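The values are calculated or read from the model by the stated rules, or taken from the named source; none is laboratory data. Please read these numbers as outputs of a predicted model, since none were measured by experiment. Cβ coordinates were reconstructed from backbone atoms using ideal geometry, including for glycine residues, and neighbour counts include every protein chain displayed. Note: areas computed on protein heavy atoms with side chains; ligands, DNA, RNA excluded. Shrake-Rupley method; radii C 1.70, N 1.55, O 1.52, S 1.80 Å.
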Amino acid sequence: MPTGVHLRDARRQLFDAAERVLLRDGPNGLTSRAVTEEAGCAKGVLHRHFADFDAFLAELVLDRAARLDTQASALREAVGTGTVADNLTRALTTLFGPVPVAIIPLITFRDELRARLRQAVPGGGIAILAQVASAVSAYLADERAGGRISADADIDSLTLSLVGGGHLLFADRDPGPPDPAAVGKLVATVLADVLRRRSH
């Protein structure tokens, strides 16, 4: 492929190429050369659109984090329907998909990237994990307000347990994502003391 190939939407194509490299080669394989080669463009294209590689990575993370908003909205819309445990099991499985799980170690191991993300989202914690925590916390609060979770439930502690436990389950990606039953067991265990029992 010629190095001077015209990219109609360079940012999107570079982000998509970076995602493919990240999923295939992991955080250590994600270099500016790997991204531009995957996108089939000259190295200069990346630097025309971003100040440097860490600026590119920060924009990539923020773009992918924003995509989680759709899944977060779906979880909020599930309030009062189905069971709380099933809703959270589905949500954790979606929110901790392959791309978010691959991005978390990238943030963890790149100091400059973390610094830039803190500037972009002050107090936001680790992007991706912060989005997942926010979605789960809002859902739990809504279910508590609706009476399906006990009124004295500690939403912050429940969120921390679900998100932290969920991340540990999904972070070990070999040989693949955890069995849905394992996610369901985590959710059921965390929620065991706060779910309101209703007679049918």
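Points to keep in mind about this one:
- Contacts under 7 angstrom Cβ, first residue in the range 139-161 being under 18 Å from Leu186 (Cα atoms), partner open to solvent by 60 Å² or more (accessible area, probe 1.4 Å), 6 or more apart: Tyr139/Arg76; Ile149/Arg196; Ala153/Arg144; Ile155/Arg144
- Pairs where the first residue, in the range 175-192, is within 16 Å of Leu162 (Cβ to Cβ) and in a helix (DSSP H, G or I) and the second is of a type in the set (D, E, K, R) and open to solvent by less than 90 Å² (accessible area, probe 1.4 Å), C-beta under 9 Å, 6+ apart: Gly184/Asp86; Val187/Asp86
- Candidate set from the range 96-129 (those that are free of Cβ contacts under 8 Å to residues at least 24 places away in the same chain and in a helix (DSSP H, G or I)); member that is least open to solvent (accessible area, probe 1.4 Å): Ala115
- Per the listing Thr70, Thr81, Thr93, the residue uniquely among the polar types (S, T, N, Q), loosely packed, with under 14 Cβ neighbours inside 10 Å and part of a helix (DSSP H, G or I) is Thr70.
- Note on the range 146-155: among residues that are surrounded by 11 or more Cβ atoms within 10 Å (Cβ to Cβ) and on the phi < 0 side of the Ramachandran plot, the one that is nearest to the chain's Cα centre (by Cα) is Ile155.
- Some residue of the range 118-130 being modelled with pLDDT under 90 and touching a His at 6+ places or on another chain (Cβ under 9 Å): yes
- Cross-chain or 6+ apart pairs with Cβ under 6 Å, the range 6-21 first and closer than 19 Å to Leu106 by Cβ and modelled with pLDDT of 95 or more, then open to solvent by less than 10 Å² (accessible area, probe 1.4 Å) and not in a helix (DSSP H, G or I): Val21/Leu30
- Among residues of the range 49-70 that are more than 26 Å from Leu92 (Cβ to Cβ), those with a beta-carbon under 7 Å from a residue that is outside any loop (DSSP other than H, G, I, E, B) and acidic (Asp, Glu) at least six positions away or on a different chain give the pairs Phe50/Glu59; Asp54/Glu112.
- As for the range 26-37, it holds no residue that is in a loop (DSSP other than H, G, I, E, B), open to solvent by less than 20 Å² (accessible area, probe 1.4 Å), in contact (Cβ under 8 Å) with a residue 12 or more places away in the chain and more than 26 Å from Pro178 (Cβ to Cβ).
- Count of the range 23-49 residues, restricted to those that are out of contact with any helix residue (DSSP H, G or I) (no Cβ under 8 Å at 6 or more places or on another chain) and closer than 22 Å to Gly97 by Cβ, is 2.
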